[in-house]
Amino acid sequence: MYSKRQQLVGDLSDLIRSGRLAHGERLPGENQLAEQYQVSRGTVRSALSELQQLELISTQAGVGSFVTFDGVQLDQRIGWARALADAGAPVTTQLLGIETVEDRALEEEFGEKTYVAVRRLRREHDRGVSLETATVPATGLLADLPETGLRDGSLTKTLEAAGRISVGGDQWISTERLDAGDAELLGRSVGELFLRAERTSVDVEGRLVERVVSLLDPDRFQFHLTFGHR
């Protein structure tokens, strides 16, 4: 059974390969595709990302973004725990829990029904600086994570061992006020404004690797955008 996302990828691929969508012609907009296929804009963006990986479409080149902690760039490819340690930041990571969950938004986008959520808290001198929930597909080795735990305490290594290697994706940044539960975990005030980052990574086949939602102390974390040639 094909998911709506797979149908969208297939239909656009057929349009391009058949020549019905000419070279250089613009694709329909995200809103138009989302309405036509009755999916979220996130699903549309994920489908377009796969088409780009298949070299069927191109987007504006030379644009990228990265996260910094106290001005030091964090390499998300190796995981934030190691990146923070390499940067010399006195930040500790606490695993709050690993559980099997269902996520309708991810199911609609990627077609898999069951997922595993990994929740972590990062502190500096007993003060919370980030709260993170990473959601991964409950398939293969990953399905047993609630019982087996993370490989060497690293989700990045665990995903690599399961054959889920990220080649791309997208990230959305907004702000969010802490609710009572998150404020208590972080040792902050209810309603305090934090950055909210949602990063979705996919593999070369367009399958979900992970979706990470992070609440970040805006005094410590920043997002840096680059574009064009430097």
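Quote the accessible area belonging to residue 126 in square angstrom, nearest 10, computed with a 1.4 Å probe and with ligands, DNA and RNA left uncounted.
Accessible area of residue 126: about 140 Å².
How big is the accessible area of residue 110 in square angstrom, nearest 10, if you roll a 1.4 angstrom probe over the protein chains?
20
What whole-number value in Å² describes the accessible area per residue of the range 120-230 for a 1.4 Å probe? Write out the running numbers ahead of the final one.
Working: 5730 Å² over 111 residues.
The answer is 52 Å² per residue.
Find how much the distance from residue 161 to residue 224 grows on full extension, using 0.36 nm per residue of separation minus their present alpha carbon separation; answer in nm with one decimal.
Result for the pair: 19.7 nm of gain on full extension.
The values are calculated or read from the model by the stated rules, or taken from the named source; none is laboratory data. All of these numbers come straight from a predicted model, not from anything done at the bench. Keep in mind that these areas ignore ligands, DNA and RNA; they rest on the heavy atoms of the full protein, side chains included. Shrake-Rupley method; radii C 1.70, N 1.55, O 1.52, S 1.80 Å.
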